1. Report the full-extension gain for the segment residue 175 to residue 194: residue separation times 0.36 nm, less the Cα-Cα distance, to one decimal in nm.
2. Can you give the helix-only mean residue ellipticity at 222 nm for the chain, where every DSSP H stretch with n ≥ 4 adds -39500 (n - 2.57) and the sum goes over all residues, rounded to the nearest 500 deg cm²/dmol?
3. Give the angle, between 0 and 90 degrees and rounded to the nearest 10, that separates the Cα long axis of helix 117-128 from the longest principal axis of the Cα atoms of the chain.
4. Exposure proxy check: 66, 16 ranked by fewest other beta carbons within 10 Å?
5. For the range 175-237, just say rounded, prolate or oblate: build the C-alpha gyration tensor, square-root its eigenvalues into a ≥ b ≥ c, call rounded for a/c under 1.5, and beyond that prolate if a/b exceeds b/c, oblate if not.
6. Where in the range 102-123 does the label zone of residue 72 land, with the point 7 angstrom along Cα→C-beta and an amide N cut-off under 13 Å?
7. Taking Cα atoms, how many degrees apart are the long axis of helix 152-162 and the longest axis of the chain, rounded to 10 and kept between 0 and 90?
8. So how tilted is helix 207-219 from the main axis of the chain? Cα-based, degrees 0 to 90, rounded to 10.
Ligand SMILES: Cc1cc2nc3c(=O)[nH]c(=O)nc-3n(C[C@H](O)[C@H](O)[C@H](O)COP(=O)(O)OP(=O)(O)OC[C@H]3O[C@@H](n4cnc5c(N)ncnc54)[C@H](O)[C@@H]3O)c2cc1C
């Protein structure tokens, strides 16, 4: 679908752990997007309209449009947090090419924290609308601790429905944690995948995360053609 501006309404907000929240908006009849794409959300604020790009954390199979973000205390996020159900907002989208290539047989996701939004969208889409063949799926998912994993319960559902293997990597896990500790590194990937070069890696998140993962993939010898990125940094990229 071609990118376009339209007005829609804010529906509701779901607070999540770690100061995150998901915001749902009415999906206009006939509106189409592909899991993994983004849009620009313009909202009213005391100082005028404010705009920022966000990935749809919703899937095209869901009857609403959703985005998920950290309520950071910025002017934009304060205005977002203050939205009342029924308030009109403007969306400009969909944009972006960070979408699943059906030709890829082995797909590995690299995500940290809120960078998981396009991956939740893709996995929800695959779970809701199963294709004739689902790729082999692994998600390397970096977070603070066991209680700060966005969409943790849904990932369990994705494991059951899609055969997804989630490799959690926690920087400050509890004492009982037996999984990977620290950040997602080449050692973690090599420990989990026999041949990383045979996988296509989808990486999304803020620029520091992307830069770190580029180095990790280089160490793993993953060909450039098997590396697909979505920067949460430069608008409109
Ligand atoms: C293609 C694309 C997709 C994206 N998808 C997502 C997504 O799905 N989810 C998502 O969260 N982001 C996404 N982003 C990034 C998003 O557009 C914002 O840049 C990001 O959420 C940070 O916005 P912010 O208003 O919190 O912080 P900014 O205003 O950009 O400031 C950066 C940091 O400074 C601090 N700060 C700023 N102002 C204040 C203040 N007044 N008081 C206290 N602290 C302050 C906050 O800690 C904040 O995190 C995406 C970006 C792109 C380009």
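Bear in mind that the values in this text are calculations on the coordinates, not laboratory data. Bear in mind that the values here come from a model prediction, so they are computed numbers and not experimental data. All Cβ positions, glycine included, derive from the backbone under ideal geometry; neighbour counts span all protein chains shown.
1. Value of the extension gain: 4.0 nm.
2. Working: 5 runs with 50 residues, N = 237.
Rounded to the nearest 500, it is -6000 deg cm²/dmol.
3. 80
4. Working: 66 23, 16 19.
Neighbour counts put them in this order, fewest first: 16, 66.
5. oblate
6. 114-115
7. 60
8. Helix 207-219 and the main axis of the chain meet at about 20 degrees.
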